[in-house]
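> The following block contains the structure, expressed as structure tokens.
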């Protein structure tokens, strides 16, 4: 880390009269971890790192190799928009390394960095713009909603609308750019869209976004949830991810001579996303509950195809606007907001780059509503389906060389072990549905 950059960060913290710094990092499942240090220890932490027990972190080290070091990334310094016990507090994301200083392969930030380096060697910079949906509930004990609005509703000035506005203000104070926010399809369901950024910055922003949404809700005595499908019969929460590659400062997905303004690079990238959609699904949709959202009849995609405007497709290409060449992008609609963004962005990029490297040919786009097509019609078009549950997603990922390479052996094997245990726990439980449906009859 350059001495000048360290000095600037330390000086900024002193100027702001910061007393404590929260050092953040993420475990393999996507949960934010934190430890707090006094400002007096910051210079030492930035030069030597902060040691911790990696064996206590999900997916990190085994007990016999548990010593890990967290190095604060000075480029991620942010001042918390809220005060804690009257004191201003700063945050920084960390990179996790071994005691010898080498990057730790199970650090999700490093997993994403590896794929970004791969893209850079091909001349590309990877940009993403996610749309994260979530629900507000009265508390964490149930699903009593705060409003009965639906998509884009301008409801009367109520708590849920004010919460969303306060959240946008907080995000802006974190220097996270927000494009717009609105009410979503479900009652008390909302969405805040982040302006596209380089993928590592955006993964950090997604982690911060989830903290801010929950913090603002908690400050107002309610609960915010990123659970993919919290309410039966209502829309699930997704994280549509807009993505593009830039090369030499220009959008590599744009081609003015193509009827749809899509370059050969973009077409092969989409083909790669489609070709690997089933095997990457466990990373973009990692929970049992994720597959309660990925069902036919709602806006969440089920069928593996692409389209220009058709929102029933897995991949959508937003309409080109003249003069907006840099906005050319593809939108993957299957991920949900409860994923680990570092790993999700890594496997998306790996799939797309594989399509480019192999020159995969893009199948024809789908203009009809895929949900209305018969099975025979979908088969004739070569349209497959995403996994129907977590168990099927596990089977698909387990045989994937692409996902193993993208994640690294340690993360790959840990996720498989963890998800097999989650599926077994779920699969062997007797649910309230079964008791209600069968106990009176059998």
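> Determine which member of the set 232, 151, 223, 196 is surrounded by fewer than 16 Cβ atoms within 10 Å (Cβ to Cβ), at pLDDT 90 or above and farther than 23 Å from residue 90 by Cβ. Quick ask: steps written out before the conclusion?
Working: 151 fails: at pLDDT 90 or above; 223 fails: surrounded by fewer than 16 Cβ atoms within 10 Å (Cβ to Cβ); 196 fails: surrounded by fewer than 16 Cβ atoms within 10 Å (Cβ to Cβ).
That would be 232, the only listed residue that is surrounded by fewer than 16 Cβ atoms within 10 Å (Cβ to Cβ), at pLDDT 90 or above and farther than 23 Å from residue 90 by Cβ.
> For residue 364, only one of the following conditions fails: (1) touching a residue at least 24 places away in the same chain (Cβ under 8 Å); (2) assigned to a loop (DSSP other than H, G, I, E, B); (3) surrounded by fewer than 23 Cβ atoms within 10 Å (Cβ to Cβ). What is its number?
Going through the list (1) touching a residue at least 24 places away in the same chain (Cβ under 8 Å); (2) assigned to a loop (DSSP other than H, G, I, E, B); (3) surrounded by fewer than 23 Cβ atoms within 10 Å (Cβ to Cβ), residue 364 breaks only (1).
> Okay, next question. Report, by residue number, each residue of region 236-274 that is surrounded by fewer than 18 Cβ atoms within 10 Å (Cβ to Cβ) and in a helix (DSSP H, G or I).
264
> Can you go through 332, 282, 349 and tell me which one is farther than 28 Å from residue 224 by Cβ and modelled with pLDDT of 95 or more?
349
> Can you confirm whether residue 300 is over 18 Å from residue 353 (Cβ atoms), crowded, with 23+ Cβ neighbours inside 10 Å and touching a strand residue (DSSP E or B) at 6+ places or on another chain (Cβ under 7 Å)?
Here the answer is no, as residue 300 does not meet what is asked.
> Of all the residues that make up region 108-132, how many are over 17 Å from residue 341 (Cβ atoms) and buried (at least 18 other Cβ atoms within 10 Å of the Cβ)?
Looking only at that region, the number is 2.
The values are calculated or read from the model by the stated rules, or taken from the named source; none is laboratory data. These numbers come from a predicted model, not from an experiment. For neighbour counting, all protein chains shown are included, and Cβ atoms are generated from backbone atoms with ideal geometry for every residue, glycine included.
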